[in-house]
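I have placed the structure first, in the form of structure tokens, so that the comments after it can refer back to it.
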Amino acid sequence: MNQKAAPPLGEQVLEPGRPMGQPKYQPGQGATIQEPRVASPKAGAEMRASREMVTENSSWIGPLREETARVIVGQTHLIDRLLIALLTNGHVLLEGVPGLAKTLTLKTLASCISLRFKRLQFTPDMLPADIVGTMIYNPQDGAFRTKHGPIFSNLILADEINRAPAKVQSALLEAMQERQVTLGDETYPLPAPFLVLATQNPLEQEGTYPLPEAQIDRFMMKVIVNYPTRTEERAILDAMATTEPMVEPRTVVSASQLIEARHVVNMIFVDEKVRDYIVDIVHATRPPITAALNLNGYVQTGASPRATIALTLAARGMAFLNSRHFVTPQDVKTVAMDVLRHRVSVTYEAEAESVTSENIIEKILNTLPVP
């Protein structure tokens, strides 16, 4: 395949007749987004009602964070992304080395919200029936009985999803997308809320089946879990280096409260300038905007329209976590890396120069003017 050589990441791409140093791509600039202005007394009343509704329905965020902190040391980034996924009906793809409390975090979150939790350890010999269930023949009456699989839970940890063959991955991803499972002639809806946390081990690649790009795109976010700091690791040592049973987290929020919070998240205000900013970010990952941002030759495929929807929902979720009834550009920038890093694929030239999708997204966020 003949691909155009990538220019250095810091080099400016210019056009004839354009002044030196002026970037080609200049979307409209606007004022800093603040609380929406009140156009009429009726609008002011609606704004106050929206603010009170968000404040009331997000009152459990603080106690939930405090309760998870009794069990989990650090990992605030991961917990916030899991909460955003729960609030926006999305799924999370997690990548990190073993031993970073990925399973413990999800299990603790399930206990705090009183949700059913199931952990699926994926192996190369798994079958789709091991996840979604199957029809079992009863010789006594000659009828088939439906046996539901472990997918019929609220929180699913798909551990090492890239170790399962393609049929098993497809069965899980279909359930994620459709929120239902078909067994025989019957279709069964999955419980709500429903969240899949799939993990990938970045160390071992032998005996794995990497997820295709089209299937990775179905995950709302891809979160990278890093090592704890020295202070956090010392706290982990003090809390976990014991043979005594671990602290049992208390339930601080019900599933009905979480469902109600989802309705409130949909009502959070997104200014027109912020909407345009989200579209600008996603479009900057595609040609020809990539060439204007000096990224031509690095990006193979850009983010899909699904990324635009996911970025908007994630920004609303971040505003809800901060008890705000409107979205700011900083909310968008905070979640943009997790939403886009798995949706932007790089070329061979970029890999040869050690340029990752994260470098590209970071350059886009630093280059585009913030409204």
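Bear in mind that the values in this text are calculations on the coordinates, not laboratory data. Just so it is clear, the model here is predicted, and its values are computed rather than measured. Counting neighbours? That spans all protein chains shown, and the Cβs are built from the backbone with ideal geometry, glycine included.
Numbers below:
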{"quantity": "Beta bridges by DSSP in the stretch 112-210, antiparallel share as percent, to the nearest 5", "calculated": "55"}
{"quantity": "Sites Asp141 and Arg116 - FRET efficiency at Förster radius 25 Å, r taken between beta-carbons, to 0.05", "calculated": "0.25"}
{"quantity": "Label-point separation, Thr251 to Thr187 (7 Å along Cα→Cβ), nm", "calculated": "3.1"}
{"quantity": "Calculated FRET value between Asn366 and Glu260, using beta carbons and R₀ = 51 Å, to 0.05", "calculated": "0.85"}
{"quantity": "Stretch gain in nm, segment Thr231-Glu351, where the contour uses 0.36 nm per residue and the Cα spacing is subtracted", "calculated": "39.8 nm"}
{"quantity": "Highest to lowest packing among 156-162, 122-128, 190-196, scored as the average C-beta count within 10 Å", "calculated": "156-162, 190-196, 122-128"}
{"quantity": "FRET E, pair Asn89, Thr55, Förster distance 22 Å, beta-carbon r, rounded to 0.05", "calculated": "0.50"}
